[in-house]
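Take a look at the structure set out below.
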Amino acid sequence: MAKLNRAELDQLERRELQLTVLAAVFVFVLAAGLAAFMYPLVFVHPEGNKWSLRVAFFGFIALTALFIGYLVDRQRMVRKLKQHLLDDLARNVELRNQASVDLLQSMPNLDHFWDRLTMEFRRAMTMEKTLSLLLVKAKPGPGAGKVSVNANSWGDTAKAMSRKLRPTDSIYRLGDDLFGLVLPETDPANANRVAVRLQEELQAVRARHGGSFEITFYNYPEQVKSAHEMEDIVRSLLPERAEWESPVPVSAE
């Protein structure tokens, strides 16, 4: 579906106004010329019933005036339709932004992430399984300076990534522009494939909102050997305030 924007609507309204003015001028010139030719036959040298001719003359003028009024009313209707479309568009954008904000607020935060990471790490160590952690760093484009635009972009990002996850995987919002994905029983090769699928899914988000996404993954036991090492990697990407406010999880070493 083509994206509706204000510039296209303004251009459409200008073209409609130009056509309306051209049609009104054309009809007025033709009607004035015909009335000028009819005037002598009706009022100066009438032939036959002069009242019938005068009724036809004034009726022609009235029809011309009605037609020009129709053109003006049509232009007014186009302007109202444009304003109605803009109001609906603004309402839809506001609802979409609010839905994105609600989605981000309902996502598990950093506290849940520490608990899930510790639990999955202990399970991987006990059962001698693999565990992968994907970190998605979102970078807004130059035109995304407002909070509502960022929230909409991050909300679409979270929805796009959720569509590519397994039921056993989980996604967390670690910061304003950082997402963490915990992938149990996932080796580096599979984690790399998941990262590629996520980049493909995020292409639509990049096309809609701009910006870019940096995806990195860390695997136990190939790349990290302890839960403390994986936790330090996450803390290095968190804002300073989030690091101080987050509770220190129990290490699973």
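The numbers here are math on the coordinates, done by the rules we state, and not lab data. This structure is a prediction, so every number in the text was calculated from the model and none was measured. Heads up, the Cβs are rebuilt from the backbone with ideal geometry, glycines too, and the neighbour counts pull from every protein chain shown.
Hey, if you drop one equal point scatterer on each alpha-carbon of region 109-245 and run the Debye formula without solvent, what base-10 log of I(q)/I(0) do you get at q = 0.12, 0.17 Å⁻¹? After summing over all Cα pairs, the log10 values are -0.46, -0.91. Per-residue extension of 0.36 nm, minus the Cα-Cα distance of residue 62 and residue 222, leaves a gain of 48.7 nm for this segment. Compared with the direct C-alpha span, the chain from residue 200 to residue 235 gains 9.9 nm at full extension, assuming 0.36 nm per residue. Equivalent ellipsoid of region 20-142: semi-axes from √(5λ) of the C-alpha gyration tensor, largest first, are 81, 13, 10 Å. Expressed as an acute angle from 0 to 90° and rounded to the nearest 10, what is the orientation of the C-alpha long axis of helix 110-127 relative to the principal long axis of the chain? The answer is roughly 50 degrees. The angle separating the long axis of helix 6-39 from the principal Cα axis of greatest extent in the chain is about 0 degrees.
Is there a quick way to get the dipole size of the chain? I mean about its Cα centre, with the Cβ of Lys and Arg at +1 and of Asp and Glu at -1; what is the value in debye to the nearest 20? Computed charge dipole of the chain: roughly 1460 debye.
Only helices enter the 222 nm calculation for the chain: every DSSP H run of n ≥ 4 contributes -39,500 (n - 2.57), and dividing by all residues gives -22000 deg cm²/dmol, rounded to 500.
Enter the angle in degrees (range 0 to 90, nearest 10) between the Cα long axis of helix 50-106 and the first principal axis of the Cα atoms of the chain, meaning the one along which they spread out most. Helix 50-106 sits at roughly 10 degrees to that axis.
Between residue 41 and residue 99, the contour length at 0.36 nm per residue exceeds the alpha carbon distance by 13.7 nm.
Here, the chain has an Rg and a Dmax of 33.9, 115 Å when only alpha carbons are counted. Over region 149-224, all Cα pairs binned in 5 Å intervals from 0 give whole-percent P(r) values of 3, 15, 27, 26, 16, 8, 3, 1, listed from short to long.
Look at the alpha carbon pairs under 8 Å that are at least 6 residues apart: their mean separation over the length of the chain gives a relative contact order of 20 percent.
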